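The values are calculated or read from the model by the stated rules, or taken from the named source; none is laboratory data. Here the structure is a predicted model, which means the values were calculated and not measured. FYI the Cβ positions are ideal-geometry reconstructions off the backbone, even for glycines, and counts take in every protein chain you see. We work out accessible area using only protein heavy atoms, side chains counted, and drop any ligands, DNA or RNA first. Shrake-Rupley method; radii C 1.70, N 1.55, O 1.52, S 1.80 Å.
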Amino acid sequence: MSATSLFQHVETSSGGDEMFASDGSVRPTYSALHSALAGLGLEEFRARSESLARSYLDQGITFDYAGEERPFPIDAIPRVIAAEEWARVSRGIAQRVRALERFLDDLYTDRRAISDGVIPEKLVSSSTYIAEPMRGYRPPNGVRIHISGIDLVRDGDGEFRVLEDNVRTPSGVSYVLSNRRAMAQTFPELFAHRPVRRVGEYPGRLLGALQAAAPDTAGEEPTVVVLTPGRYNSAYFEHSLLARTMGVDLVEADDLVERNDRVYMRTTAGLRRVDVIYKRTDDDFLDPEVFRPDSVLGVPGLVRSILAGNVVVANAIGNGIGDDKLTYTYVPALIRYYLGEEPIIPNVDTWRLEEPDSRAEVLDRLDELVLKPVDGSGGKGIVIGPAASRTELDTLRERLQTDPRGWIAQPVVQLSTIPTLVDEGPASRHVDLRPFALNNGGDDVWVLPGGLTRVALPRGEMIVNSSRGGGSKDTWVLAAERPVPSPAAPEARALAREEEPIEDPLDENYEEFDDPPREEASEEQRREPDPVTSAIPIIDAEDAPESELAGADGVQGQSIAAEDLPGIVTTEPAGDGSQPAGPGEADGLQPPGGSDPDGAKPSAATDQRQSEKGADDAQQDR
């Protein structure tokens, strides 16, 4: 089979493909990968791709598409980003996160940007995302955006632009980690041609960022937990994966209790103080005393504990204003205002419909533009003008005139394409990119080398969400070239691993995840049991003897093995086939069969965990 036959269905005339130039030549960044893939031939490549898909199905990583349970698609042709280009992307993401951090801090304290006229007061007063109970609160290390996901697209000139910001509960990093693991297992030889930077250090970095956020009241090693709405939430796989790879406990609301403005975790040995909660639940459901009183997903008294400085929630409550698509239009100005810098990565051109002149232009060009609700997620509510019917446009026109604050407009961005395996073979399909960043405090923002590349699998589709049939790709960031005699030589690869960790699945000592950074635990800490459900009776902290408050003040209660407690189920994931959402809350993912793996019907509380809007505020729309 010729080297070109594998890619014979790829369209190269438009020049928007990342692997091929408009004249059909392979771009330098992809040359080594192209040669390696073409050498496999279509039959071998398809067979391995099917093996890749089966591995996801075996793990229960499925989603519901048009009423059919399918394995979540991972495409076997990676996206490749050159080291030099990634360096710019990484700087731009970090710059944006720093500006949004300053904006959120200012918004909840001094509001200087409003008084100085950088953003209008109306933007804030009309937003549904402001959390007034958090007014005046400042986290211990000043970080509100511990984890962020900034969505990027390439424009017609091949340059990255920011499409939107996700600083509430950005989802999808589990796919970055799972895609890399699957690719390393199925196509290990592809990694030998160019050094690809590792992604397995993310869990350890995430744990470090969460520990750095701990309040002053924490001990030498803060207790971190991941708070999930439960196993019926569409992103439960991600919650359990991150807890497991960080080496921390995965808990539900019933596993936590507030006492004396502190939060404790129920364990078989008693109550153990919690210092940092990585929440995967929308703000409205976190504390029924302050927000929705009907929520079963939150912890009564949590907000009081936060304001008292005894526990930190990541990401901070009230970050949603940073996700507002109207706020997005002001971020370039916020970068200039807070940082005194020009934006490294520009926004997509955007019209604010609350401005009369912009609204008039948009209404005149509805059939040419993309209209987005400012609080939309998962691709919901978007209207693509060129693809809309006259009736749809007339209805949209009325909505825009009634609620201009609720919408923005953008030009139709011709997303770049990457060859993607479809029925007839690799063909061009549109992609976007979500890099993830972690903030350790101050200006210490680390950007994961890679990110989630989402791909629209239907031909011509521009919305990449899995709810529209989309999938994902492994994203390769190449390590910087070094002046060594032979890049393939073992000593050169060792140098690259030391200075810029790279993937090497051919190394017999290769580990998919780096070990989380941990200090040597004391004997008492080593005996600390897993948390269990609310079958453990609650003892008020102020009335309990010290032996009952395991870990609350450094005193360890007697350890009881879970197997000695019939009927008590630990909250540690059981590895029974629960699967992630396609990176998005509205992507329709369900556990296989849509019920408990043991056949039990979900309870009313479980139904709420599964269905409530915002239970895992994940994928934002396209």
> Do the conditions hold for Leu393, that is, is it in contact with a Gly (Cβ under 8 Å, 6 or more places away or on another chain) and either part of a helix (DSSP H, G or I) or open to solvent by 30 Å² or more (accessible area, probe 1.4 Å) (or both)?
Replying inline: yes
> Can we say Ala66 is out of contact with any strand residue (DSSP E or B) (no Cβ under 7 Å at 6 or more places or on another chain), modelled with pLDDT under 90, among the aliphatic types (A, V, I, L, M) and surrounded by fewer than 18 Cβ atoms within 10 Å (Cβ to Cβ)?
Replying inline: yes
> Considering Gly200, Gly158, which residue is in a loop (DSSP other than H, G, I, E, B), in contact with a Phe, Trp or Tyr (Cβ under 6 Å, 6 or more places away or on another chain) and small (Gly, Ala, Ser)?
Replying inline: Gly200
> Using beta carbons and a limit of 9 Å, which pairs, at least six apart or on different chains, have the first residue in region 338-363 and free of Cβ contacts under 8 Å to residues at least 40 places away in the same chain and the second one surrounded by 13 or more Cβ atoms within 10 Å (Cβ to Cβ) and part of a loop (DSSP other than H, G, I, E, B)?
Replying inline: Leu363/Leu353
>> Of the conditions (1) within 20 Å of Gly204 (Cα to Cα); (2) among the hydrophobic types (A, V, I, L, M, F, W, C); (3) open to solvent by less than 10 Å² (accessible area, probe 1.4 Å), Val248 satisfies every one except a single condition; which number is it?
In response: (3)
>> Restricting to region 16-33, and then to whatever is among the hydroxyl-bearing types (Ser, Thr, Tyr) and over 20 Å from Arg180 (Cβ atoms), can you tell me which residue is surrounded by the most Cβ atoms within 10 Å (Cβ to Cβ)?
In response: Ser31
> List the pairs whose first member sits in region 6-33 and is within 27 Å of Ala479 (Cβ to Cβ) and touching a residue at least 12 places away in the same chain (Cβ under 8 Å), whose second member is polar (S, T, N, Q) and open to solvent by 40 Å² or more (accessible area, probe 1.4 Å), and whose Cβ atoms are under 7 Å apart, counting only residues at least 6 apart or on separate chains?
Replying inline: Gly16/Gln414
>> Taking the condition of being modelled with pLDDT of 95 or more and part of a helix (DSSP H, G or I), how many residues in region 114-127 meet it?
In response: 2
>> Six or more apart or on different chains, Cβ atoms under 9 Å: show the pairs whose first residue is in region 34-46 and open to solvent by less than 70 Å² (accessible area, probe 1.4 Å) and whose second is of a type in the set (Ser, Thr, Tyr).
In response: Ala38/Ser2; Ala38/Thr4; Ala38/Ser5; Gly41/Ser5; Leu42/Ser5
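Scan Pro229, Pro222 and give me the residue that is closer than 28 Å to Val199 by Cα and either without any contact (Cβ under 8 Å) to a residue 40 or more places away in the chain or touching a Lys or Arg at 6+ places or on another chain (Cβ under 6 Å) (or both). Lay out the reasoning, then the answer.
On the way: Pro222 fails: either without any contact (Cβ under 8 Å) to a residue 40 or more places away in the chain or touching a Lys or Arg at 6+ places or on another chain (Cβ under 6 Å) (or both).
Going through Pro229, Pro222 in turn, just one is closer than 28 Å to Val199 by Cα and either without any contact (Cβ under 8 Å) to a residue 40 or more places away in the chain or touching a Lys or Arg at 6+ places or on another chain (Cβ under 6 Å) (or both): Pro229.
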> Would you call Ile130 touching a Phe, Trp or Tyr at 6+ places or on another chain (Cβ under 9 Å) and part of a loop (DSSP other than H, G, I, E, B)?
Replying inline: yes
>> Can you tell me which condition Gly442 does not meet? The list is (1) open to solvent by 20 Å² or more (accessible area, probe 1.4 Å); (2) over 18 Å from Arg96 (Cβ atoms); (3) of a type in the set (Gly, Ala, Ser), and all the others hold.
In response: (2)
> Do you know which of the residues in region 161-175 that are surrounded by 23 or more Cβ atoms within 10 Å (Cβ to Cβ) and among the hydrophobic types (A, V, I, L, M, F, W, C) is farthest from Gln410 (Cα to Cα)?
Replying inline: Val173
>> Please determine whether any residue of region 322-342 is among the β-branched types (Val, Ile, Thr), under 21 Å from Gly460 (Cα atoms), in contact with a helix residue (DSSP H, G or I) (Cβ under 8 Å, 6 or more places away or on another chain) and surrounded by 20 or more Cβ atoms within 10 Å (Cβ to Cβ).
In response: no
> Do you know which of the residues in region 454-495 that are modelled with pLDDT of 75 or more and of a type in the set (Ser, Thr, Tyr) is farthest from Val80 (Cα to Cα)?
Replying inline: Ser472
> Only one of (1) under 24 Å from Ile145 (Cα atoms); (2) surrounded by fewer than 21 Cβ atoms within 10 Å (Cβ to Cβ) fails for Asp254. Which number is that?
Replying inline: (1)
>> Out of Arg434, Arg429, I need the residue that is out of contact with any Cys (no Cβ under 8 Å at 6 or more places or on another chain), open to solvent by less than 10 Å² (accessible area, probe 1.4 Å) and among the charged types (D, E, K, R). Which one?
In response: Arg434
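Scanning region 375-402 for residues that are in contact with a strand residue (DSSP E or B) (Cβ under 6 Å, 6 or more places away or on another chain) and closer than 30 Å to Ala94 by Cβ, which turns out modelled with the highest pLDDT?
For region 375-402, the residue satisfying everything is Ile382.
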> If you go through region 346-373 one residue at a time, how many are of a type in the set (A, V, I, L, M), surrounded by 14 or more Cβ atoms within 10 Å (Cβ to Cβ) and assigned to a helix (DSSP H, G or I)?
Replying inline: 3
> If the Cβ limit is 6 Å and pairs must be 6+ apart or interchain, which residue in region 287-309 that is part of a helix (DSSP H, G or I) pairs with which residue that is among the charged types (D, E, K, R) and at pLDDT 95 or above?
Replying inline: Leu302/Asp287; Val303/Asp287; Arg304/Asp261; Ser305/Glu258; Ser305/Asp261; Ser305/Arg262
> Does region 93-103 include one or more residues that are touching a residue at least 24 places away in the same chain (Cβ under 8 Å) and open to solvent by 30 Å² or more (accessible area, probe 1.4 Å)?
Replying inline: yes
>> Conditions first: (1) buried (at least 22 other Cβ atoms within 10 Å of the Cβ); (2) at pLDDT below 95. Ile317 passes all but one, so which condition is the exception?
In response: (2)
> Hey, among Pro449, Pro458, which residue is crowded, with 23+ Cβ neighbours inside 10 Å and not hydrophobic (A, V, I, L, M, F, W, C)?
Replying inline: Pro449
> Taking interchain pairs and intrachain pairs at least six residues apart, which have beta carbon atoms under 7 angstrom, with the first residue in region 109-121 and over 20 Å from Glu354 (Cα atoms) and the second open to solvent by less than 90 Å² (accessible area, probe 1.4 Å)?
Replying inline: Thr109/Gly136; Arg112/Asp106
>> Looking only at region 156-199, count every residue that is within 15 Å of the chain's Cα centre (by Cα) and under 30 Å from Glu50 (Cα atoms) and tell me the total.
In response: 11
> Could you list, in sequence order, the residues of region 310-336 that are in a loop (DSSP other than H, G, I, E, B) and of a type outside the set (A, V, I, L, M, F, W, C)?
Replying inline: Asn310, Asn315, Gly318, Asn319, Asp324, Thr329, Tyr330
> Which of (1) open to solvent by 10 Å² or more (accessible area, probe 1.4 Å); (2) closer than 25 Å to Gly172 by Cα; (3) among the hydroxyl-bearing types (Ser, Thr, Tyr) does Thr281 not meet, given it meets every other one?
Replying inline: (1)
